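So the structure is just underneath, and the comments pick up after that.
The values are calculated or read from the model by the stated rules, or taken from the named source; none is laboratory data. Keep in mind the model is a prediction, meaning the values are calculated, not measured. So basically every Cβ, Gly included, is an ideal-geometry build from the backbone, and we count neighbours across all protein chains shown. Note: accessible area is taken over every heavy atom of the protein model, side chains too, but ligands, DNA and RNA are not part of it. Shrake-Rupley method; radii C 1.70, N 1.55, O 1.52, S 1.80 Å.
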Amino acid sequence: MGFTEEQQLESTYVMGTYARKPVELVRGRGMQVEDSEGRTYLDFVSGVGAVSLGHCHPALVSAIEEQASTLVHVSNYYYIEHRGEVAHLVSDLLNECVDEAEREPWQSFFANSGAEANECAFKLARLHAKKRAMAAAEAADADEDGVRAAAAAAPRLIVTLDASFHGRTLATLAATAQPAKQEAFQPLPDGFIRTPLNDVEALEALFATQGDAICAVMVECVQGESGVHPCTAEFLAAVRRLTAECGALFMCD
């Protein structure tokens, strides 16, 4: 099938969510890829970061072939071979800079996409805030109705940064502080508020007025989709300080 025919088929049968470059990539090796016309390119996009080992790395090809010939998929209804080992490895990596006496296990959530991981983060932030509110009410000897009322009034606001990008599901789009991307899909879920990147004073002012309602701040330490915009060390330290002061979570995308 020729490239022109492929373009026509996609134009007719594939939803146009992206404006594609006029290139059909058909094979690759390392960071070099080839299109259907035999032209070669250096792939600096790397599947938007999903092909970190390059194309057709022998070790990866071998591992995929071995797994596909053994077991393809069993779902989360069962224990999965090696999943616990991977989670243990991630926990050890995250504990490398922690004093040995203070190390605790980190628990991993394995997701299909970045948007799904962020959705989980939003849910965990709000659940954490509810559990803290309920625990405080119980410590104050509130009755059952009082505990439920405390949970209902728990902080639920999540702060994100201007020009951020957190995904294309409805909740992650609501968290994405780019109005042009949101406009066509209104109304979006509420509970998100934006603040300028690297503006410590604006962040402090937001916490001064909304701190009791904030359950988390989510940042990309280096914003990528909107350009290359790194957070300063001063700004990240301010996020850590302000979230710790009010019991909110500091979440990194």
Rounded to the nearest 10 Å², the 1.4 Å probe accessible area of H55 is 50 Å²
Residues other than H229 with Cβ under 11 Å of its Cβ, Lys/Arg counted +1 and Asp/Glu -1, net out at -3
HN-Hα couplings for segment 153-163 via Karplus (6.51, -1.76, 1.60; θ = phi - 60°), in whole Hz with x for Gly/Pro, come out as 8, 5, x, 9, 7, 10, 8, 10, 9, 3, 6
Of every hundred units of 1.4 Å-probe accessible area on segment 15-54, the number belonging to carbon and sulfur atoms, as a percent, is 58 percent
Listed by chain and number, the residues whose amide H is under 5 Å from that of C231, excluding neighbours fewer than 5 places away on the same chain and using placed H, are V222, Q223
For E34 and A244, extending 7 Å from Cα along the Cα-Cβ vector and measuring point to point gives, in nm, a value of 5.5 nm
Probe 1.4 Å, heavy atoms of protein chains only: per residue, the accessible area of segment 107-215 in Å² is 57 Å²
Scattering profile of the chain from the Debye formula, Cα beads only, expressed as log10 I(q)/I(0) at q = 0.13 Å⁻¹, is -1.12
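How large is the accessible surface per residue of segment 1-86, computed with a 1.4 Å probe and reported in Å² as a whole number? Intermediate results must be reported in sequence, preceding the final value.
Details: 7600 Å² over 86 residues.
Solvent-accessible surface per residue comes out at 88 Å².
For segment 111-253, give the percent of accessible area contributed by carbon and sulfur heavy atoms, probe 1.4 Å, rounded to a whole number. Mind dumping the intermediate values first?
On the way: 4260 of 7560 Å².
Exposed carbon and sulfur together represent 56 percent of the surface.
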In order over segment 128-142: 3J(HN,Hα) from phi, Karplus 6.51/-1.76/1.60, θ = phi - 60°, whole Hz, x for each Gly or Pro, gives 4, 5, 5, 5, 5, 5, 5, 5, 5, 5, 5, 5, 8, 6, 5
With the 8 Å Cα cutoff and a minimum separation of six or more residues, the chain has a relative contact order in percent of 12 percent
Measure of exposure for C56: accessible area at 1.4 Å probe, Å² rounded to 10, is 60 Å²
Simple spin-label estimate for Y41/D99, 7 Å along Cα→Cβ, in nm, reads 5.2 nm
Expressed in square angstrom to the nearest 10, the accessible area of T232 with a 1.4 Å probe stands at 60 Å²
Rounded to whole angstrom, the alpha-carbon centroid of segment 45-113 lies from that of segment 233-253 at a distance of 27 Å
The relative contact order of segment 138-204, taking Cα pairs under 8 Å that sit 6 or more residues apart, comes to a percentage of 29 percent
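Averaging sequence separations of C-alpha pairs under 8 Å and six or more residues apart, then dividing by the length of segment 61-186, give the relative contact order as a whole percent.
Reported as a whole number, the value is 16 percent.
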Cα extents of segment 104-253 per principal axis, largest first, Å, are 51, 35, 32
Sorted list, accessible surface of protein heavy atoms, 1.4 Å probe, largest first, for M1, M31 is M1, M31
